[in-house]
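Let me begin by presenting the structure, written as structure tokens, before commenting on it.
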Amino acid sequence: QVQPVESGGGLVQAGGSLRLTCVASGSISSINNMNWFRQAPGNVRELVASISSSGSTDYADSVKGRFTISRDNAKNTVYLQMNSLKPEDTAVYYCRCITGGKVYWGQGTQVTVSS
């Protein structure tokens, strides 16, 4: 069983920064894609950023130029550096890992951006 665990969320003023961390623990041989999703109240869960095992990245248009995803394969860890935060970035942020052909989700971490 693989368990991703997120941390780093919190309350920040608009224009501020936060860094989210997700550590995947358990029996892991290799992790393919690692992703960050977010879900605001009343909204569907949306993909924010992705990073492949080789380091290729992709971002939602709404966060391009502000968010940066990175990973440390040796530590089974993925990061999301969030800069220039906006109130509309307020959501629960979830980490998703794909390994061994299976998908694993973390429990989420709350990010709140005040105006």
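Within the chain, CYS97 have no other Cys Cβ under 4.7 Å of their Cβ and so lack a disulfide-compatible partner by this rule. Taking Cβ atoms as reference points and 9 Å as the exclusive limit, the residues near GLN39 contribute a net charge of +1, counting Lys and Arg as +1 and Asp and Glu as -1.
Full extension of the chain segment joining SER54 with SER25 gains 8.4 nm, where the gain is 0.36 nm per residue of separation less the Cα-Cα distance. If you take all other residues with their beta carbon under 10 Å from the beta carbon of ARG66, and give Lys and Arg +1 and Asp and Glu -1, the sum is +1. A straight Cα-to-Cα reach below 29 Å connects LYS86 with the lysines LYS64, residues fewer than 8 places away in its own chain not being considered. Among GLY26, GLY15, GLY42, the largest mean-square fluctuation in a Gaussian network model of the chain (Cα springs under 10 Å) belongs to GLY42. For the chain, the C-alpha radius of gyration sits at 1.01 times the compact-globule guess of 2.2 N^0.38 Å, with N the residue count. Length available on full extension from TRP105 to ASP61: 0.36 nm per residue minus the Cα-Cα distance, which gives 13.6 nm. Relative contact order of the chain: 37 percent, from C-alpha pairs under 8 Å at least 6 residues apart in sequence.
Net charge of the neighbourhood of MET82, taken over other residues with C-beta under 9 Å away and scored Lys/Arg +1, Asp/Glu -1, is +1.
No lab work stands behind these numbers, since they all come straight from the coordinates. Not measured: the values here are computed from a predicted model. Note: ideal-geometry Cβ built from the backbone for every residue, glycine included; neighbour counts use all protein chains shown.
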